[in-house]
Structure formats: C-alpha cells, structure tokens
Ligand SMILES: NC(=O)c1ccc[n+]([C@@H]2O[C@H](COP(=O)([O-])OP(=O)(O)OC[C@H]3O[C@@H](n4cnc5c(N)ncnc54)[C@H](OP(=O)(O)O)[C@@H]3O)[C@@H](O)[C@H]2O)c1
C-alpha cells in the first residue's frame, strides 16, 4: 500500500490523481492533501478521503477548514504547510502537482527525505533539475515523471544503455495556433489561447501550450531527467497526441510510446511503478482507421521553443530565469495586462538582460528566480 501526499490536489493533475486513488483503494491511500486557494474543493476532497494532514494557502482558510470539516486533521498553511505534508512521517510517496516554481522547495525536501516523488511540477525540474537529482541521491529519494512525454521516455529508456541512444523526441500537439499565420498568432486573445485542441489542463500550462513554451520546458525537463545533451532532445509536432515520445538509436531505428491522451495513465504509471495494473483508459483501438501526422515545429511562429533551447544550451540558472520570466508574462497575459506576443518578448528580454550563473544551491536558484521576476514585472509595467 502506498501512502500519498498530493500537493496541488485541487488542480487538474491533483483531481486526476484522486481518481486513480479511487480506482485502486487496495494499493493507494491518501495521508496528506495540500492546495492553494480553492478551499471549497479541498473540503470536499477531505471529507471523501479523510487525509490526516491538510494544508491550504492561507491561515484564514486553514481556520475556515478547521471549523467546517466533520473531523480533525492536522491543519497547516502556506509554504510550511506544503513541507509538513511532503515530510509527514506516514507517507512514502509525494505527488508534486503544484503549478510554477512554488513547487520547488517541497519537491526538493521530499526527495531529500527519501520519498518517491511523482513530479508533474515540471518547473521544479527546469529550474533546479541538477539539485533535484542531488537531493534524491543524498536522501535516497526516487524521482518519477508524471508529464506524459517523460513518463513515456521513462518506459522507453528503461534498461537501455545510454551509449545506444542517439536522440529522444517528445511530441507536441502544436496547440490551438498550430495552423495560424504569424500575424493572427500575434493578436491572439485569452479565450483563443485557452482553447486547447486535445488536452484539458490548468490555465498556465494551457497558455504555455499555445506559445509552445510548455514543450520548451519539457525539452529542458527531458535533458535534466535523463542526462541527455541539449542536441539529443528534439520536438516533433503530432496534433493527434497519441504518440507521446520516441527514442532514436544509433542504428537508425526508433521506438515509440503510444496511448490515449489521458493524464490518469502516466499518473498511475508513476504511483504504481513498477507494477502495471488494469489502466484508467481502454487498450488502444488499433482496428479503427485513423491517421497520424508528424511535422517539424516552426520556431518563427513559436519563438518560446527556441528560447528554451537557448536556455538549455546556456545552462546554469538560465532555465530558472526563463521559467520565472514566463510565469510573470503568462500571469500578466491572463490578467489582460500583456498581449499574447508580448509573452515571448518578455522571456527574450529577461534572457538577454540577466546573466546566468552556474547552478550552486537552492537558495541561489531562488535568487535567480526572484531577480527574473522583478525584471519581468518591471518590463510588463513599463509596457502597460
Ligand atoms: N494538467 C496537465 O495535464 C498537466 C500535464 C503535465 C504536467 N502538468 C504540470 O503539473 C503542474 C500542475 O498543473 P495543473 O494543470 O494541474 O495546474 P492547475 O490545474 O492550475 O492546479 C494547480 C494546483 O496547484 C495549487 N497551487 C498553486 N499555487 C500554490 C501554492 N503557492 N501553494 C499551494 N498550492 C498551490 C492549486 O491550488 P488552488 O487551485 O487550490 O489554488 C492547484 O491545486 C504544472 O507544473 C503543470 O505544468 C500538468
């Protein structure tokens, strides 16, 4: 029986994780739940799963939960609350499903404490990937990727000697603007950018999918997770989102991972690994006629992907600078303070103006993150 802490339980990944738990009550139990502002949904989840440890964004919401829950869990709030859940003595597995670099410290602490950490929070790998590996090694923690492309790569690369691998390819749906001409993309509205063709996700990652920054973050994530050089990671646009990743070998052959596009599948893979239980999706319907298409990404219309490759090649704190700039720019876009095309301009500005330094400590990464946020916010305000 795996005992879970789910950080970000009220989000898209968090709720899918609880669906997987409900499907395997004999294998998975919930000990801790943590969320941000959605106290109503957190309350419903607490009543259904009865976690012993609960954290919410603010002290006021923790007090509200204390008075409205029908039982008495340990209640926490804020960043310390996330750590209390991640480090609870009765858990062995943490699902890191908070959005943004707010998930960094709890992911690192859980790995250092020897937990299995199922990481959906790609930002923590992008920002401090080497530090996450170091924490896992120091504490005996285990890092498993929830992102569908990386869970696919985890399966494809398992048992493969690194010297046999020429490249890995992660697929991108291409987002809602795949076929749009540049001028139309530049003027895209919030509603258009939130209208993703194949995946139903939280707002930040949905905007990142429209700019292809999500794929850029995933390129960095793949390099970090699997120890691959920047030129060993490539992106192929595949609008049907059925092939999630490919591994290319030196002999010229490829292996592909295929499954329906439902995040419950990679979540279950990570939670139960190496066990394979009956899945949350039906076996693939190979007898139904269908067409798959593949094409190269267009870096002119989707410059955020090029910026991510640039940050990966630069290394050190460059991915942290890019990630922080992007979080600020996407939030400003969703608030109506920036246009869609300004997101890439903000990211470009921060990468150009702030120097990257070698990756040293978590504190240093958080400093770079803060400096990039300040610079990006100043740039956004100057533009308004
Ligand atoms: N959705 C997907 O299909 C998908 C696929 C692959 C990877 N991912 C990655 O998984 C992560 C989560 O994505 P999502 O789509 O599930 O996002 P989401 O739906 O926006 O959910 C985010 C979760 O994080 C919580 N949260 C945010 N800031 C917090 C803070 N400071 N303290 C505590 N909790 C906080 C939110 O709580 P409240 O809602 O209560 O405020 C919510 O539970 C992201 O890093 C994303 O890139 C997502």
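Derivation of every value follows stated rules applied to the coordinates shown; laboratory data play no part. Nothing here was measured: the structure is a model prediction, and the numbers come from that model. Note that each Cβ is placed from the backbone with ideal geometry, even for glycine, and that neighbours are counted across all protein chains shown.
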Would you mind telling me which residue in 211, 317, 293 has the biggest mean-square fluctuation in a Gaussian network model of the chain, where springs connect alpha carbons within a distance under 10 angstrom? 293
Stick to the Cα atoms of segment 92-222, pair each with every other, and give me the Kirkwood hydrodynamic radius in Å at one decimal. 16.0
Top mean-square fluctuation among 205, 220, 190, Gaussian network model of the chain, C-alpha springs under 10 Å? 190
By count of other Cβ within 10 Å, fewest leading, how are 147, 19, 262 ordered? 19, 262, 147
Using per-residue counts of other Cβ atoms within 10 Å, averaged over each peptide, order 348-361, 114-127 from highest down. 114-127, 348-361
Only helical DSSP H runs with n ≥ 4 go in: add -39500 (n - 2.57) per run for the chain, normalise by residue count and round the 222 nm mean residue ellipticity to 500 deg cm²/dmol. -15000 deg cm²/dmol
Using Cβ counts within 10 Å as a stand-in for footprinting exposure, how do 213, 246, 1 rank, fewest first? 1, 246, 213
Return the whole-Å distance between the Cα centroid of segment 13-60 and the Cα centroid of segment 294-314. 36
Bounding extents of segment 2-146 in its principal axis frame from Cα atoms, largest first in Å, are 42, 34, 26
What ranking do 88, 133 get, fewest neighbouring Cβ atoms within 10 angstrom at the top? 133, 88
Stokes-Einstein, Kirkwood over Cα pairs, segment 315-384, 10 °C, 1.306 mPa s; D in µm²/s equals 134
Work the Kirkwood hydrodynamic radius out for the chain: mean of 1/r over every pair of different alpha-carbon atoms, inverted, in Å. 21.2
